[in-house]
Amino acid sequence: MVRWLVLPSRVSNELGIETADVSPVVAPSGETVDCEFGTALIETEGRQGVTLVYKFDGAEPKIGSIALGSLGITIDKVTGEPVIDAPVRLLGFWRS
């Protein structure tokens, strides 16, 4: 199950998503691999959110539950359709 945003390495590099770190993840094949990841601002339906982006060579683009949640969107478990929830509230911010 995808929780964040997964993009092919080529696409994430074309979008300018910088690698923040490398982390071991379990690939769909079940093996553990080191994967580069970064962050990105995503937007849909007039909503914006920040999510982790995992970069996999040859991956199919997928958006996961945490990335959707950052936009205030869930997936209806019966219909499989997206549901726009209550407005997203700012709980805090991070300053470097």
P8 vs (1) more than 22 Å from T74 (Cβ to Cβ); (2) touching a residue at least 40 places away in the same chain (Cβ under 8 Å); (3) touching a Ser or Thr at 6+ places or on another chain (Cβ under 9 Å): all pass except (3)
Pairs returned, first residue in the range 36-48 that is assigned to a strand (DSSP E or B), second residue that is aromatic (F, W, Y), beta-carbon separation under 7 angstrom, 6 or more apart or interchain, are F37/Y54
Please determine whether any residue of the range 63-74 is modelled with pLDDT of 85 or more, in contact with a Gly (Cβ under 8 Å, 6 or more places away or on another chain), closer than 19 Å to V6 by Cα and in a strand (DSSP E or B). no
So I17 passes all but one of these: (1) surrounded by fewer than 16 Cβ atoms within 10 Å (Cβ to Cβ); (2) in a loop (DSSP other than H, G, I, E, B); (3) modelled with pLDDT of 90 or more. Which condition number does it fail? (1)
Across the range 29-64, what is the number of residues that are more than 22 Å from I75 (Cβ to Cβ) and exposed (fewer than 15 other Cβ atoms within 10 Å of the Cβ)? 9
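The values are calculated or read from the model by the stated rules, or taken from the named source; none is laboratory data. On a predicted model such as this, the values are computed, not experimentally measured, just so you know. Neighbour counts run over all protein chains shown; Cβ positions are idealised from the backbone, glycine included.
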